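**Q** Before I ask anything, let me first share the structure, which is written out below as structure tokens.
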Amino acid sequence: MERTAKYYGTGRRKSAIAKVWLVPGTGNVTINGRPMGEYLGRRTLETLILQPFEAVNVAGQFDVVAQALGGGIAGQAGAIRHGISKALLGVGEDMRPTLRRQGFLTRDPRVKERKKYGRKRARRGFQFSKR
């Protein structure tokens, strides 16, 4: 009995976390049990997710099964892209320089800044009127 290869990667962006599995297939992307187009609803986010495959010329060779939680849709898409990139390293370590150069392996560290006391938000002050 032959066991099909499964490659795993964890991706993070903002407060979103994505568990991503790559299985040899035809290029289907499933996020939280739904097709990519239905889940994301934006074409730009779909192209964002598929960028790592195009960078290393393996587009359409793997099916993606992703579990995304936390954050919003855009943050989850970024987390899935990060997870796909890390999973591709399991396929072949020779892809690392290309993915690194494109910035797909770097976790985007930008997160929302905490609210400060004496202010309305992190940096926005309360409205001021002289009279």
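**Q** Identify, please: which residue in the stretch 72-88 is surrounded by fewer than 20 Cβ atoms within 10 Å (Cβ to Cβ) and small (Gly, Ala, Ser) and is, among those, farthest from ARG100 (Cα to Cα)?
**A** GLY72
**Q** Moving to a separate point now. Residue by residue through the stretch 26-54, note down the ones that are over 12 Å from HIS82 (Cα atoms) and crowded, with 18+ Cβ neighbours inside 10 Å. Full working, then the answer.
**A** Within the stretch 26-54, the first condition is being over 12 Å from HIS82 (Cα atoms), and the residues that meet it are 26-47, 54.
Residues satisfying the conditions are VAL29, ILE31, MET36, TYR39, LEU40, LEU45.
**Q** Could I ask something else about it? Does the stretch 88-107 contain at least one residue that is β-branched (Val, Ile, Thr) and assigned to a loop (DSSP other than H, G, I, E, B)? It would help to see each step written out before you state the result.
**A** To start, the set of residues in the stretch 88-107 that are β-branched (Val, Ile, Thr) comprises 91, 98, 106.
Now drop any that are not assigned to a loop (DSSP other than H, G, I, E, B), which leaves 106.
Within the stretch 88-107 (the criterion being β-branched (Val, Ile, Thr) and assigned to a loop (DSSP other than H, G, I, E, B)), the answer is yes, since at least one residue qualifies.
**Q** Listed residues VAL65, VAL23; which is surrounded by fewer than 20 Cβ atoms within 10 Å (Cβ to Cβ), within 14 Å of the chain's Cα centre (by Cα) and within 17 Å of ALA5 (Cβ to Cβ)?
**A** Numbers: VAL23 fails: within 14 Å of the chain's Cα centre (by Cα).
Being surrounded by fewer than 20 Cβ atoms within 10 Å (Cβ to Cβ), within 14 Å of the chain's Cα centre (by Cα) and within 17 Å of ALA5 (Cβ to Cβ) holds for just one of VAL65, VAL23, which is VAL65.
**Q** Can you tell me which residues in the stretch 68-85 are within 20 Å of LYS6 (Cα to Cα) and either touching a Ser or Thr at 6+ places or on another chain (Cβ under 7 Å) or of a type in the set (Asp, Glu) (or both)?
**A** Taking the stretch 68-85 first, the residues within 20 Å of LYS6 (Cα to Cα) are 68, 79-85.
Of everything in the stretch 68-85, just one residue is within 20 Å of LYS6 (Cα to Cα) and either touching a Ser or Thr at 6+ places or on another chain (Cβ under 7 Å) or of a type in the set (Asp, Glu) (or both), namely GLY83.
All of the numbers you see were taken from the coordinates with simple rules; none came from a lab. All values reported here derive from a predicted model rather than from experimental measurement. Note that we place each Cβ from the backbone using ideal geometry, even for glycine, and neighbour counts take in every protein chain shown.
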